[in-house]
Structures are given as structure tokens and as C-alpha cells.
Amino acid sequence: MSQIQSIRGMGDILPPDSAAWQALESVLRQLLISYGYQEIRVPLVERTELFKRSIGEVTDIVEKEMYTFEDRNGNSLTLRPEITAGIVRAGITNGLLHNQRQKLWSTGPVFRYEKPQKGRYRQFYQFDVEALGFAGPDVDAELIIITDRIWKALGIDAIDLELNSLGTPESRARYHDALKDYFEPRRGELDQDSQSRLHRNPMRILDSKNPAMKNVIAGAPLITDYLDAESEQHFAVLCSLLDHAGIAYRLNPRLVRGLDYYTRTVFEWVTDKLGSQGAVCSGGRYDGLVEQLGGKATPAIGWAFGVERLLDLYRVSGGELQAADRDIYVVAVGAGVLQPVFTLVERLRDSWPALKIEMNCGGGSFKSQMKRADRSGAAVALIVGEEELASQTVAIKPLREETQQVCVEWPSLSASLAEYFDS
């Protein structure tokens, strides 16, 4: 019988790579907690309408990349292609946004039907941070500063911030008209996708990666020439806050982002270390999305990055995230030894709940168990054989230091470990 293979573009995360993921997530959690952000978990499957109304029907994600299907009741459902819309939906559904402000983060798999390549998968993991109910540029600056702290915590310096403002829906409408006026006489220079978007959403043309359109896009009007006064002021204050925080950035008037819900501030952290996959973290303000999805008007901003891509950048930057090794490996050899040692070890776990203690399972000779202990990365091995069982003692053998093995009585074991581990 043939083996069942994994789905193309949907890979497994195996040990020891999973340890790197855990270490990264720990760094992110602690940082976000320190800024007052709380975790929210939202479903993998939502109604298709949610993404059509939020992301925009004239986008590559909705037109080409979503995994959409009908359930048994005929409802159109979609595997989430991003997390922001689900968080906003959850906020509306659960009354989190009524006269409240929320700082939230979430992480998990998202799904897009794309051509699989390094740094781009059909199932990938996204880390998402959102601030809802905050209108001013101060929270824009805070979210960008948090990303800067992430790079510093990971020792990543080959990354640059690009910044732009898209203004309000009204100023964007004027910009749309200007783009139509510019591209219409040049329709013959546009590819088929761009021609279809010319009158539905001409800003999407600026997002094209078609190199044949580079020159015609370069000559298009700039959105910064169409900003309203309030958006200009918002953006000026944001830039001032980033300047005072020492965050370097590059203004990019061509940065429009690939989702329709963005307004005012948009930004991307980009690198040249990952080949064609240059964007590492992207975000922006979406002040109209809550109302668009049926809630009361609520200002909001957020960012997201793909975990796989960030880990790739971390590794090419010379880093190596690893979960902490085990502290103790327990070796039990001989007749009648296993049961009392199991009891002893569980009592030890009660006294030292923070220690990582691995009990040898599957038997084996003393030599083979000691090899496993060494490979585990544990700091010490606890050894109980028939002689130790008879005398109710345990041998404590350091595995990473050239110090002598000692024997202690069972009642003294917990106290004796204080010499090796902080309480």
C-alpha cells in the first residue's frame, strides 16, 4: 500500500525545529505581556463573507488564494488566509469593542493557495498583534517600536523599516481617480490582472510584482500628494515619535499593502537576506474595518509576520534558537528498581516543579541509559541500581562538569539538588 504524503506546501515541524519555534514564541510572549497585550485565539475557519468584506474582493488573496468550500448546510466557509479579520469579528461578536480598548495578539496557521517556495507556503504560521480603539499616532509608534525590540531581542540587524500613509477613504478615492486617469491611456502596458483592476481598485496595480510593468508604475501619481490635512498631521506626529525613539525608517510613497482595509499608516520591515521574499513584517491602520464588518466605528492598527520567514532571517543572521536542555535524566537499572524510582521521581517533581526531569523509559543496560542521558543535554544524571535501591540512596552524576559523583539518601535528594540548580 502506498504511503500517504503531506499536502504540497503544508509541511511538518519536527524536533528539534519545534524547539526553536517554542523559544521564539517565548520571546514574543514575554515582550508583548510587558507592553500590556493579551492573547486571543480565533477559529481557523470563518464565513467566506468575512474575508471578502475585509480583505477586499479585488485582491489576489480573495480572487486566487483562499481555500473556500461549502459545508453540509450550504454555507460558504474559508480557511483563514490571515488573522486580523477574525480578531475583529471576535471583538464584535463578543462585545469586546463597546466603549473599550483592546491590545491583543494571536498566533497560528493561515492558509493561502500559492506556489510553494522557500519562505512562502500554503499553510504557514502567522504572529499577529492588534490595538483596537486607539485613534492617535502614539499607538502606531508603539506597535512599530515593539517590532524593533523583537529584532533586537533576536540579534537581527539586516532589516529596514519602510513607512507610508494611505490617508482616509475620501482622500484615497481622489487618488483612485488620479490613478485611473494615469493608467487608462497606458492600458496596453498593463498585464491582464492590472487591466481588470483598473476601474475596480487601481491601487492594486501598484502592488504588481510584474517586472514588465516597473516603468509604467514608477511614473504613476504618488498617494502622498493626495493626503488630507488630518492624515498628514497624524503621519507627521508618528514620524516625530519614531525619530525620538531612535527608530530609523525610509519613506516609501509606493507602499500600499495588499489588503483593502488599510487607512493612514502602513509599514513594512524588509530585508535583502531572504532572496525575493523581502517583506518580513507588515502592518498598518484600518480605522474603517470594524464598522465595515457590522460593528460601531472603531479605530484600529496592527501588524503580522510569518513565523517561518522570521526564523529563516534569524538563522541567516547567525542565530540559533534552542529550547533549554533537560536538567535531570533518571537512570534506573536492575530488578525491582523501576517502580520505587518512579515514585521517588514524582515526589521530586512535586518539590522542584520548574526542573525538566526525564525518566528513562524502554529499559536498557546501564551503558545505553547513560548514553541517552548524555544525548539529552541534561546537567546531571540520577542513577539508581540494585545497590542504591537496597541502601535507599541515589547517585548524582554531573554530566557537563568535571566534578565527582556523590551518593545521597532518598530523603536528602531534594535538598542536595539545590547545589546544582537554583531554587
Local electrostatic count at Ser6 - Lys and Arg +1, Asp and Glu -1, tallied over other residues with Cβ under 13 Å:
+1
Taking a straight Cα-to-Cα line shorter than 22 Å from Lys397, and setting aside same-chain lysines fewer than 8 residues away, one finds Lys356, Lys367, Lys371
Calculated [θ] (222 nm, deg cm²/dmol) that DSSP helices of n ≥ 4 give over the chain, each run adding -39,500 (n - 2.57)
-10000 deg cm²/dmol
Tell me which label goes with the value of mean projected area of the Cα convex hull in nm² computed from the coordinates here: (i) 28.3; (ii) 20.8; (iii) 26.0.
(i)
Of the candidates Pro116, Pro411, Pro169, which one comes out as most mobile in a Gaussian network treatment of the chain with C-alpha springs shorter than 10 Å?
Pro411
Rounded to 10°, Cα long-axis angle of helix 169-183 versus longest principal axis of the chain
70
Calculate the spin-label point distance for Asn252 paired with Ala158, positioning each point 7 Å from the Cα along the beta-carbon direction, and give it in nanometres.
1.7
Using a Cα-Cα cut-off of under 17 Å, which lysines could be cross-linked to Lys152, ignoring same-chain neighbours fewer than 8 residues away?
Lys273
In degrees between 0 and 90, to the nearest 10, how far off the longest principal axis of the chain does helix 366-375 point, with axes built from Cα atoms?
30
Inter-probe distance in nm under a simple model that places probes 7 Å from Cα toward Cβ, at Asn99 and Arg347:
5.7
With the chain treated as a Gaussian network of Cα nodes joined by springs under 10 Å, which of Phe51, Phe183, Phe366 yields the largest mean-square fluctuation?
Phe366
Tilt relative to the chain, helix 307-316 - C-alpha long axis, 0 to 90 degrees, to 10:
70
Determine, from the Cβ-Cβ distance of Glu25 and Ala135 and an R0 of 25 Å, the FRET efficiency 1/(1 + (r/R0)^6), rounded to the nearest 0.05.
0.25
Run down the lysines and flag those whose C-alpha is under 18 Å from the C-alpha of Lys296, throwing out any fewer than 8 positions away in its chain.
Lys103
Report the residue, chosen from Thr265, Thr403, Thr224, that carries the largest GNM mean-square fluctuation when the chain is represented by alpha-carbon nodes joined by springs under 10 Å.
Thr403
Percent relative contact order of segment 328-419, based on C-alpha pairs within less than 8 angstrom and at least six residues apart?
31
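FYI, it's all coordinate maths here, none of it is from the lab. Remember, it's a predicted structure, so these values are computed and weren't measured experimentally. Ideal geometry is used to build each Cβ from the backbone, glycine not excepted, and the neighbour counts take in all protein chains shown.
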